Amino acid sequence: MLKKIFNYYGYSFSKIKKSNLINDIIKLRLFKNKCDTLIDVGANYGEFSYELLNNFKEVFLIEPNPYLIKKLEDKFKNRKEVKIYNFGINNKNSTKKFYISADTGSTLSSIKKQNKILKENLKKTNIVSTQNINFLRLDDFIKKNLRQQSSIFLKTDTQGNDLEVLKSLGKYLNKIKYIKSEMSVIPLYQNQSSHWKILQFMKENNFEPIFFENGLRTKDGKMIEYDIFFEKKN
């Protein structure tokens, strides 16, 4: 599957001798080509941002799950450059139902309802709470909170809502230097966009894939999802 995706972008695909993690590649690119601001949409416990804190001047953690906000505040209480927000990102400003799952960290929680395949391949998928959550467009958030000259690294992990997050950038998509996103090969949620559709969106907006990292697979070995790291072409 990853070879097919590389070919789609016009790249050849070959194994590298040294095994790397996606965060190692991100740190390497940030060392070569620095970025001012990290926006972490779907921050969860903040593990991704915590590992990369020293690479940015300011970090914005956006997490819709109200039960995770106190944990984020405790984790980053000594970091003045980190700001935490309890709302979601969508392509329309609105109040939406947010389905909170029973898995550790509520990582399967989403604005979208689950598909059957999620329940068949993962544990503790049941919904334990439904909250009415405010959702904002990302361009509105950026306009209000970021300096005009900021270059932006966007990480989005929103369980099926990632294309909506990307589209909500509007004209600020041009300010994005890097994007890390979770991509579903098999849709785990209802009305979830195909990963091919997201790849096409990225291609049309002049982003190239830098690194792929394998994610979940079905019990019979099929790929469910993967993580991908993009960089804006000059």
Next item on the list: Considering each of TYR45, TYR99 in turn, give the residue that is in contact (Cβ under 8 Å) with a residue 40 or more places away in the chain and either among the hydroxyl-bearing types (Ser, Thr, Tyr) or touching a helix residue (DSSP H, G or I) at 6+ places or on another chain (Cβ under 7 Å) (or both).
Entry: TYR45
Note to self: Being within 18 Å of GLU208 (Cα to Cα) and modelled with pLDDT of 95 or more is the requirement here; does ILE26 meet it?
What the structure shows: yes
Next item on the list: Name, by its number, the condition in (1) modelled with pLDDT of 95 or more; (2) within 14 Å of the chain's Cα centre (by Cα) that does not hold for PHE141.
Entry: (2)
Margin query: Give me the residue from region 109-118 that is in contact (Cβ under 8 Å) with a residue 60 or more places away in the chain and assigned to a loop (DSSP other than H, G, I, E, B) and, out of that set, surrounded by the fewest Cβ atoms within 10 Å (Cβ to Cβ).
Written below: LYS113
Next item on the list: Please specify each residue of region 65-85 satisfying the condition of being part of a loop (DSSP other than H, G, I, E, B) and either among the aromatic types (Phe, Trp, Tyr) or in contact (Cβ under 8 Å) with a residue 24 or more places away in the chain (or both).
Entry: ASN65, PHE76, ARG79, GLU81
Notebook entry, point to check: Quick one: which of ASN126, ASN121 is more than 30 Å from LEU173 (Cβ to Cβ), of a type outside the set (D, E, K, R) and either in contact (Cβ under 8 Å) with a residue 60 or more places away in the chain or touching a Cys at 6+ places or on another chain (Cβ under 9 Å) (or both)?
Noted result: ASN121
Margin query: Restricting to region 144-176, and then to whatever is among the small types (Gly, Ala, Ser) and within 18 Å of GLU63 (Cβ to Cβ), can you tell me which residue is nearest to the chain's Cα centre (by Cα)?
Written below: GLY160
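The values are calculated or read from the model by the stated rules, or taken from the named source; none is laboratory data. Nothing here was measured: the structure is a model prediction, and the numbers come from that model. Quick reminder, even Gly has a Cβ in these numbers, built from the backbone with ideal geometry, and neighbours come from all protein chains shown.
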